[in-house]
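Engineer: A single structure is presented below for examination.
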Amino acid sequence: MLRSRRTRRLTGALASALLLLTAATACGDDDADASDTEAKASSPGTSAFPVTIAHKYGSTTVDAEPKRIVTVGLTDQDSVLALGQVPVGTTEWLGGYKGAIGPWAEDRLGGAEAPTVLKDTGTGPQVEKIAALKPDLILAVYGGLTKEQYESLSKFAPVVAQPKEYNDWGVPWQEQTETIGKALGKSEEAAKVVADTEAKIEAAAGEHPEFKGASAVMATPYEGMFVFGSQDARSRLLTGLGFALPKDLDKAIGDQFGANISKERTDLLDQDAVVWIVADVDKESGKLHKDASYKDLGVVKEGREVFVNESSDYGNATSFVSPLSLPYVVERLVPQLAAAVDGKPDTAVEQPAD
């Protein structure tokens, strides 16, 4: 797994004396059946708790409404904020934002103090610092906890790890939001958040019927050319707008959210549109256009490239892919895609104002 800032953001992690809490905590039960989720879920007119949530390492029961939430999942804070709560701790990913809250989500703080920001050091979450925040729920839905890390964190608070149905960091934002909504006792609110965000994406797609069936791919020039697969959240945004991913994409990159491709597979980039997430638009596009394996592709000659500056708020939101960042991204990305696939090579694909 690539752990550089670019690949994991275009995309990114445990610990001895642990604090035992007396708040309502329940550790994951590896032997519990996934069907317990539905059996213990809320029903109309009854309390939402206790609720049991299945994940990669079994299942976790939340006994009461959590008040002190720590997000270890790199984008989980946005789902918490969208559901009207503010976490006490978040995990750094993009950098540069107070509380690890992007500008697309700042208004959801509602005057509350910004969360404490924790680091993923490359070896896992900062367990002792998380314990010091006295959480009653730890969310690691958009993440890649190991079994050891999950067990360490579970000693002092219930932990909702990544779902087993997807690659690590591969959960769709819809399921991420619904899972977090269930953990917070807000399943109905989560369903509405998902529906409202999907409606905005569908409305944008409806205004551009030319997107439907056109092919597109997301990539970044990391150690060559890194392409994002079908289980990556950025790729799912393209398909949500109506685009089709390259037919052999997942076969080429394997069971990962993305991977570097060989020079012989740059045909994967020769689509109706390619979206490049880059550190510097002018510098990186210049390098790409000198690359012998790329420069003569039709996507280059016909001006079907879209470039997104990864260090801008727009670039950060593009990689974040949450119910709060998506509307922000759609507003900027859709005009670029429309210019790329309009069939006119001389149409410039403009950089949006951040």
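Just so you know, all these numbers are worked out from the coordinates, no wet-lab data involved. In this text, all values refer to a predicted model and were calculated from it rather than measured experimentally. Virtual Cβ from ideal backbone geometry, glycine too; neighbours counted across all protein chains shown.
Engineer: Only sites in a loop by DSSP and with at most 13 other Cβ atoms within 10 Å count here; which trypsin sites (Lys or Arg not before Pro) in segment 141-174 make the cut?
Structural biologist: Details: sites: Lys147, Lys155, Lys164; in loops: Lys155, Lys164.
Counting only loop positions with at most 13 other Cβ atoms within 10 Å, the trypsin sites (Lys or Arg not before Pro) in segment 141-174 are Lys164.
Engineer: Follow-up question, since we're still on this one. How long is the gain from Asp342 to Thr239 if the chain were fully straight, where each residue apart is worth 0.36 nm and the alpha carbon distance is subtracted?
Structural biologist: Details: separation 103, 0.36 × 103 = 37.08 nm, distance 1.80 nm.
Length difference between fully extended and current span is 35.3 nm.
Engineer: Work out, step by step, the length gained on full extension between Glu65 and Asp250: first 0.36 nm times the residue separation, then minus their alpha carbon distance; give nm to one decimal.
Structural biologist: Working: separation 185, 0.36 × 185 = 66.60 nm, distance 3.97 nm.
Using 0.36 nm per residue and subtracting the Cα-Cα distance, I get 62.6 nm.
Engineer: Could you work out, for segment 207-340, what percent of all Cα-Cα pairs fall into each 5 Å distance bin, beginning at 0 Å and stopping at the bin that holds the largest distance?
Structural biologist: Distribution as computed: 2, 11, 22, 26, 22, 14, 3, 0 percent.
Engineer: Another question, then. Please work out the Cα center distance from segment 240-292 to segment 90-136, rounded to the nearest Å.
Structural biologist: About 31 Å separates the Cα centre of segment 240-292 from the one of segment 90-136.
Engineer: Okay, moving on. In units of 2.2 N^0.38 Å, what is the alpha-carbon radius of gyration of the chain? Intermediate values should be presented prior to the final figure.
Structural biologist: On the way: Rg = 20.7 Å, N = 354, 2.2 N^0.38 = 20.5 Å.
Normalised Cα radius of gyration, the chain: 1.01.
Engineer: A further question follows. Modelling each spin label as a point 7 Å along the Cα-to-Cβ direction, I'd like the Lys119/Ser311 distance in nm, to one decimal.
Structural biologist: Computed distance between label sites Lys119 and Ser311 equals 2.0 nm.
Engineer: Ok, one more. Set the Förster distance to 30 Å, then compute FRET efficiency between Glu223 and Lys192 from the Cβ-Cβ distance, nearest 0.05.
Structural biologist: Details: r = 41 Å, r/R0 = 1.38.
The value I calculate is 0.15.
Engineer: Exactly which trypsin sites (Lys or Arg not before Pro) in segment 267-354 are in a DSSP loop and have at most 15 other Cβ atoms within 10 Å? Write down the numbers at each step before the final one.
Structural biologist: Details: sites: Lys283, Lys287, Lys290, Lys295, Lys301, Arg304, Arg332; in loops: Lys290, Lys295, Arg304.
Qualifying residues, ordered by number: Lys290, Lys295.
Engineer: Need one number: % antiparallel among DSSP beta bridges in segment 207-340, to the nearest 5.
Structural biologist: Numbers: 5 of 15 bridges.
Around 35 percent of the beta bridges assigned by DSSP in segment 207-340 are antiparallel ones.
Engineer: Taking Cα pairs under 8 Å and at least six residues apart, what relative contact order does segment 200-261 come out at, in percent? Can you show the working numbers first?
Structural biologist: On the way: 93 pairs, mean separation 23.8, N = 62.
Dividing the mean separation by the residue count of segment 200-261 yields 38 percent.
Engineer: At a Förster radius of 45 Å, what calculated FRET efficiency corresponds to the Cβ-Cβ distance of Lys129 and Glu350, to the nearest 0.05? Don't jump to the answer; show the numbers that get you there.
Structural biologist: Details: r = 43 Å, r/R0 = 0.96.
Using R0 = 45 Å, I get an efficiency of 0.55.
Engineer: With r defined as the distance between the Cβ atoms of Leu109 and Lys155 and R0 fixed at 30 Å, what FRET efficiency is calculated, to the nearest 0.05?
Structural biologist: Taking R0 as 30 Å, the efficiency between Leu109 and Lys155 is 0.50.
Engineer: Counting helices only, and only those DSSP H runs with n ≥ 4, report the 222 nm mean residue ellipticity of the chain as the sum of -39,500 (n - 2.57) divided by its residues, in deg cm²/dmol to the nearest 500.
Structural biologist: Working: 13 runs with 110 residues, N = 354.
The helix contribution divided over the chain gives -8500 deg cm²/dmol.
Engineer: Same structure, new question: Could you check the spin-label model distance between Glu92 and Lys147? Points 7 Å from the Cα along Cα→Cβ, value in nm.
Structural biologist: So the two model labels end up 3.2 nm from each other.
Engineer: Next question. For segment 167-258, which trypsin sites (Lys or Arg not before Pro) pass both filters: DSSP loop (anything but H, G, I, E, B) and at most 15 other C-beta atoms within 10 Å?
Structural biologist: On the way: sites: Lys182, Lys186, Lys192, Lys200, Lys212, Arg234, Arg236, Lys247, Lys251; in loops: Lys186, Lys212, Lys247.
Answer by residue number: Lys212, Lys247.
Engineer: Using a Cα-Cα cut-off of under 29 Å, which lysines could be cross-linked to Lys344, ignoring same-chain neighbours fewer than 8 residues away?
Structural biologist: Lys200, Lys212, Lys247, Lys263, Lys283, Lys287, Lys290, Lys295, Lys301
Engineer: Using only Cα atoms, figure out Rg for segment 116-243 and give it as a multiple of 2.2 N^0.38 Å. Mind showing how you got there, number by number?
Structural biologist: Values: Rg = 17.7 Å, N = 128, 2.2 N^0.38 = 13.9 Å.
Its radius of gyration relative to the 2.2 N^0.38 Å reference: 1.28.
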